[in-house]
1. When we measure straight from the Cα of LYS189, which aspartates and glutamates land under 15 angstrom away, once same-chain ones fewer than 8 places off are left out?
2. HIS200's amide H: which non-local residues (gap 5+, or another chain) put their own amide H closer than 5 Å, with H modeled 1.01 Å from N in plane and none for Pro or chain starts?
3. Round to the nearest 10 and give me the degree value, 0 to 90, for the angle of helix 91-103's Cα axis relative to the longest principal axis of the chain.
4. Excluding residues on the same chain fewer than 8 positions from LYS193, give the lysines whose Cα lies under 27 Å from its Cα.
5. How high is the relative contact order of segment 204-360? Use alpha-carbon pairs under 8 Å, at least six apart in sequence, and give a whole percent.
6. Quick check: the distance between the Cα centres of segment 209-257 and segment 2-23, to the nearest angstrom?
7. What FRET efficiency, computed as 1/(1 + (r/R0)^6) with R0 = 22 Å and r the Cβ-Cβ distance, is obtained for VAL164 and LYS237, rounded to the nearest 0.05?
8. Would you kindly state how much longer the chain becomes between ILE3 and ARG71 on full extension, computed as 0.36 nm times their sequence separation minus their alpha carbon distance, in nm to one decimal?
Amino acid sequence: MGIMRNGIGPTVLLRADMDALPVEETTGLPYASKDFSTDQDGNSLPVMHACGHDVHVTCLLGAGELMATGREHWAGTLVLVFQPAEETGDGANGMVDDLKSVVGAVDVAMAQHVLPAPAGLVGTRVGPVLSAADSMRITVFGRGAHGSMPQASVDPVVLAAMIVVRLQTVVSRETRPGEPVVVTVGSIKAGTKSNVIPDHAVIELNVRTYSEQTRISTLAAIRRIVKAECEASDSPKSAEFEMFDRSPITENDPAVTKRVAEAFADYFGDRSRPLPMQTASEDFSDIPRAFGVPYTYWGIGGIDPETYTQAENAGRVAQDIPVNHSANFAPVIQPTIDTGTETLVVAALAWLGKTTEKSV
Ligand SMILES: [Zn+2]
Ligand SMILES: [Zn+2]
């Protein structure tokens, strides 16, 4: 992190995430990643900036340089935060205690993400912008037996299957139509052999929600259904629940977002647009939450505008434009970097800029 103190004024925190993903890059670019790292089991894993966090780091460094060379145009304190481990959802929380002890207090926090949209565009949104993500590992217990003697068993395979089917009703029967909620069972494991009834089954699922209330009620509904199905099966032991890979909701503060959107409209003109709600998740909001301050999070485009327009005209955006986390995700260097640097400076100056000055 870097702290730039420049006289009396508000404190603005800008955050860029730095981490990469275990994806083997296939962009064919001259600067494509050739790096590999090793996981805890000693397996070699490819490393790629498949989410575009290298763009975020570059833009924040550029914004820091611009602010440093233009000190006469602003007053206050600028905090530049380079955050590790966004993809695992624990990087922001992992550094908030240190941040608070070094920085003390901040007035507002901001971050951005490069998206599969035309480069040069910026998008803001008031209210929920990214979903909360929760993963749950559920272990249900049965009683193992010979496959030919089911009367001696409590079959966890049938129990797990019933749970998976019944979980489909959380969205379809318990959620208000129009409220976006996703419940996906991504993994179900039980047993080793066709004629052995195992004694437990493990279900892993992922939940996406856009309000804290819906998040709580959805997770509660899942637990209720699991417990009830275990009872229906006469399961000998209570189910075990383990939460992991959790990201909070990113919900942009209306006043902060309006101030940034107005500054963007002033500077970028019609390149500043409304941002649609995104289904991805982020841990950035853990930082402002720890400071108890409002925040906003915006998107910048990273796709060559001509390529994007061609795909749009052919009705093939989803098929032809590589999205974040794909092995082909390759934000064009310009105008992406200039735009992402300018957004940070313009947004910071909306708090720190000396009045009557608009140019940066
Ligand atoms: Zn990502
Ligand atoms: Zn990302």
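Laboratory data are not the source of any read-out in this text; all were calculated from the coordinates shown. Because the structure is a prediction, the values reported are computed rather than measured. Reconstructed Cβ throughout: ideal geometry from the backbone, glycine too, with neighbour counts over all protein chains shown.
1. LYS189 reaches ASP155, ASP199, GLU204, GLU240.
2. GLY142, GLY191
3. 40
4. LYS227, LYS237
5. The normalised contact order for segment 204-360 reaches 22 percent.
6. Value for the Cα centre distance between the two parts: 32 Å.
7. Values: r = 20 Å, r/R0 = 0.89.
Plugging the Cβ-Cβ distance into 1/(1 + (r/R0)^6) gives 0.65.
8. On the way: separation 68, 0.36 × 68 = 24.48 nm, distance 1.34 nm.
Residue separation times 0.36 nm, minus the Cα-Cα distance, leaves 23.1 nm.
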